[in-house]
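The values are calculated or read from the model by the stated rules, or taken from the named source; none is laboratory data. Keep in mind it's a predicted model, so treat the numbers as computed, not measured. Here the Cβ is made from the backbone with ideal geometry for all residues, glycine too, and neighbour counts use every protein chain on show.
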Amino acid sequence: MTIRVEHVVPYIGDDASGPAWSVPALCSALAAGGAGICLHVLEPLPPRSFDFETRAYCWRSFPRRNLGVSPAMKRGLRRAALAADVLHNHSLWMMPNIYPGLAARGTRCKLVVSPRGTLSDWAWSRSRWRKRIVWALGQGRVLQRADCLVATAESEYRDIRARGLRAPVAVIPNGIALPPFPLNRKAGAARRRLLFLARLHPVKGVDLLLRAWVALQSQFPDWELQIAGPLDGDYPRSMQALAASLGAQRLAFAGELRGRAKADAYLSADLFVLPTHSENFGMAVAEALAHGVPAVVTNGAPWEGLETERCGWWVERGETSLTGCLREAMTRSSADLETMGRRGREWMLRDFSWAEVARKTLATYAWLLGGGSPPDWVRVE
């Protein structure tokens, strides 16, 4: 029997964040695995083609644009829930993340919720007044009624339990599209390169990176720092100003990179860094590893496997610890870093392919619908 799944995420436009890419990729992998998939989003749909159904709904900018109020989506999800097996919501704190819970109520449809990092301490502390409003509007009831929650890492599982949510939790990582092998990595560059590639946002810890870099730049004249991410907005401008005031050298703000330019940035990097305060997954870390680049990541992201898989460093958040870790990493020879990068790619291939993520997700759906013993990655305690 084909499992019919209706996925919901507020936006998948070009200016949206990580779920705008990971949720459609999951839907595509699930469809390839034999599920019937429809993705429900707010308008507009991006100019991309999809190998699954999509529904885009109009929405209101009143009373608050970022709440995503859409009576049309509410009605559409209710109709979909009457025929679906599973309603799978992604992210929290907008009305599209409440509508699935309302739609599933009183039907046989199972409700699955992927918080996608929105329950971490850091995320919980941001925009508290808005979260209180959305919680009162029904977000809390939706979470309490969920038949299953999905965490992308052990740390997110702990965040879920810390909020008092007792539903079963499936711990399934995001997937990663691996570039073809062999990798066409750069060789013979004049300088070695440290790469940051992500949104330039306060959560990413760019200020920590800049201070660490300035503390190290005179010790490592053969290294340069590239910061890649959109440069529009107040925060990116403030980081450029901070870099200038600190006297940062051999530093380039590359702007947003996509497609081939993004792949080239990974392939030309010797080391990747993400000094984040909070991350439910950290797709850029997986992308770097998939391109054979070892990574330095703070423990605000769930990448403790960097240590166990011997393909990077997982370090305490803070300027002092980041500086010390980067000093150690940048001292390593090119051969050492290349070996670590190969281990990272092998890890991504083994555990983070979209086919494997889809297999676990489909097995979780089947367990919810059919009962029996839960899969190994589902926590019922």
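Observations, loosely collected:
- Filter result for the condition that a residue is more than 17 Å from Gly282 (Cα to Cα) and β-branched (Val, Ile, Thr), over Thr331, Thr298: Thr331
- Flag if Thr361 is assigned to a helix (DSSP H, G or I), without any contact (Cβ under 8 Å) to a residue 40 or more places away in the chain, β-branched (Val, Ile, Thr) and over 21 Å from Ile227 (Cβ atoms): no
- Count - residues of the range 312-325 that are surrounded by fewer than 20 Cβ atoms within 10 Å (Cβ to Cβ) and aromatic (Phe, Trp, Tyr): 1
- Residue match in the range 287-295 (condition: surrounded by 24 or more Cβ atoms within 10 Å (Cβ to Cβ), assigned to a strand (DSSP E or B) and in contact (Cβ under 8 Å) with a residue 24 or more places away in the chain): yes
- Hits in the range 242-275 (condition: surrounded by fewer than 15 Cβ atoms within 10 Å (Cβ to Cβ) and either at pLDDT below 95 or in contact with a Cys (Cβ under 7 Å, 6 or more places away or on another chain) (or both)): Gly255, Arg258, Gly259, Arg260, Ala261, Asp264
- Identification of helices (runs of 4 or more DSSP H) wholly contained in the range 196-271 with 1 or more residues that are over 20 Å from Ser321 (Cβ atoms) and in contact with a Leu (Cβ under 8 Å, 6 or more places away or on another chain) yields 234-246, 259-267.
- Condition check for Leu77: within 29 Å of Ala123 (Cα to Cα) and modelled with pLDDT under 90: no
- Residue pairs whose Cβ atoms lie under 8 Å apart, sitting 6 or more positions apart in sequence or on different chains, and linking a residue in the range 346-358 that is within 20 Å of Arg310 (Cβ to Cβ) to a partner that is of a type in the set (D, E, K, R) and surrounded by 15 or more Cβ atoms within 10 Å (Cβ to Cβ), are Trp347/Glu309.
- Residues that are part of a loop (DSSP other than H, G, I, E, B) and at pLDDT below 85 within the range 5-29 comprise Gly13, Asp14, Asp15, Ala16, Ser17, Gly18, listed in sequence order.
- Residue pairs meeting the criteria (Cβ under 8 Å; at least 6 apart or on separate chains; first farther than 17 Å from Thr276 by Cβ, in the range 115-133; second at pLDDT below 75 and part of a helix (DSSP H, G or I)): Arg130/Asn66; Lys131/Trp124
- Test: residue in the range 177-194 that is touching a strand residue (DSSP E or B) at 6+ places or on another chain (Cβ under 8 Å), at pLDDT 85 or above and either among the aliphatic types (A, V, I, L, M) or buried (at least 18 other Cβ atoms within 10 Å of the Cβ) (or both): yes
- All of Glu304, Glu279, Glu309 fail the test of being over 15 Å from Ala228 (Cα atoms), of a type outside the set (Phe, Trp, Tyr), surrounded by fewer than 21 Cβ atoms within 10 Å (Cβ to Cβ) and in contact with a Lys or Arg (Cβ under 9 Å, 6 or more places away or on another chain), apart from Glu309.
- Restricting the range 40-74 to residues that are assigned to a loop (DSSP other than H, G, I, E, B) and of a type in the set (A, V, I, L, M, F, W, C), the residue that is farthest from Cys27 (Cα to Cα): Phe62
- Residue ID - nearest to the chain's Cα centre (by Cα), chosen from residues in the range 207-235 that are within 18 Å of Ala269 (Cα to Cα) and charged (D, E, K, R): Glu224
- Residue tally, condition among the polar types (S, T, N, Q) and under 15 Å from Val112 (Cα atoms), over the range 329-381: 2
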